[in-house]
Amino acid sequence: MSYEITFLPDGKTITVRPYTTVLDAAKKAGVRIPTRCGGKAGCLMCKVTIEESERANCLPPEDKERRKLGAALLERGSRLSCQTKVTGPLTVVVPEDPLKAAVRKQLEAAKQRESDDWI
């Protein structure tokens, strides 16, 4: 048995075995999720969002993840990718790196200005 995980915004999909962590799946798919603690729920850098309709497709958070994230973030679908184990197909939203986001926005603005010149 295996499950597909799709990582957004990259759109990369990988098939993994049950109980694989989202962080391990991301590494195998070539999706970068930052972490400093090596997957021990110590740094909070590997936060991702699981779509509400698919939250049942992973094991519920254990105590250390609940303590680190808190109820509010968990209710919004935030999870630590190093602690989230797959039990069904998932769509995982990986936050965009702030520097990449800034560059992307500048490029989009430049492209928009360029297309406005043609009107």
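The values are calculated or read from the model by the stated rules, or taken from the named source; none is laboratory data. Keep in mind that what you see is a predicted model, and the values were worked out from it rather than measured. Heads up, the Cβs are rebuilt from the backbone with ideal geometry, glycines too, and the neighbour counts pull from every protein chain shown.
Considering each residue of the stretch 25-40, count those that are touching a Gly at 6+ places or on another chain (Cβ under 8 Å) and surrounded by 15 or more Cβ atoms within 10 Å (Cβ to Cβ), and give that number. Before the answer, list the steps.
Keep residues of the stretch 25-40 that are touching a Gly at 6+ places or on another chain (Cβ under 8 Å), which gives 36.
Now drop any that are not surrounded by 15 or more Cβ atoms within 10 Å (Cβ to Cβ), which leaves none.
Residues in the stretch 25-40 being touching a Gly at 6+ places or on another chain (Cβ under 8 Å) and surrounded by 15 or more Cβ atoms within 10 Å (Cβ to Cβ): 0 in total.
A single entry from LEU74, LEU80, LEU59, LEU107 fulfils the requirement of being in contact with a Leu (Cβ under 8 Å, 6 or more places away or on another chain) and at pLDDT 85 or above: LEU80. Condition check for ASP116 on (1) more than 24 Å from ARG32 (Cβ to Cβ); (2) within 19 Å of the chain's Cα centre (by Cα): one failure, at (2).
Residues that are in a helix (DSSP H, G or I) and either hydroxyl-bearing (Ser, Thr, Tyr) or touching a residue at least 12 places away in the same chain (Cβ under 8 Å) (or both) within the stretch 90-119 comprise just one, SER115. Restricted to the stretch 1-89, the set of strands (runs of 3 or more DSSP E) holding at least 1 residues that are without any contact (Cβ under 8 Å) to a residue 12 or more places away in the chain is empty.
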